[in-house]
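The values are calculated or read from the model by the stated rules, or taken from the named source; none is laboratory data. Treat the numbers as computed from the prediction; the structure is a model and nothing was measured. Methodologically, a virtual Cβ is constructed for each residue, glycine included, from the backbone with ideal geometry; neighbour enumeration extends over all protein chains shown.
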Amino acid sequence: MVTIRLKRFGAKARPYFRVVVQDGRIATKGKTIDEIGTYNPIEAADKQINIDAEKANEWIKKGAVPSDTVKKIFNQKGIFLNRSAQN
């Protein structure tokens, strides 16, 4: 199963995350299929989330399942999880 989840970077007590598409069977630090954004919880609120909404919806249409945390980030950014296939 393909998942959309966070991949942690940064120093100790200064986390920085990338929102990535990965095979669910691979470790979190493993190889990614695609990178669709970043999340920095330490930064100011207006610069904290950068997501490519088109890529996110494209992967969701293909069957990728976002983690609970990524769903919350999408809601904060206003990205609606839309599984309907649009041709």
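Structure above, values below:
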| item | result |
| --- | --- |
| Residues of segment 25-63 satisfying the condition of being within 14 Å of the chain's Cα centre (by Cα) and in a helix (DSSP H, G or I) | ALA53, GLU54, LYS55, ALA56, ASN57, GLU58, TRP59, ILE60 |
| Of residues in segment 59-80 being farther than 21 Å from ARG25 by Cα and either surrounded by 14 or more Cβ atoms within 10 Å (Cβ to Cβ) or hydroxyl-bearing (Ser, Thr, Tyr) (or both), the one modelled with the lowest pLDDT | ILE79 |
| Some residue of segment 23-34 being among the aliphatic types (A, V, I, L, M) and either modelled with pLDDT under 90 or in contact with a Pro (Cβ under 7 Å, 6 or more places away or on another chain) (or both) | yes |
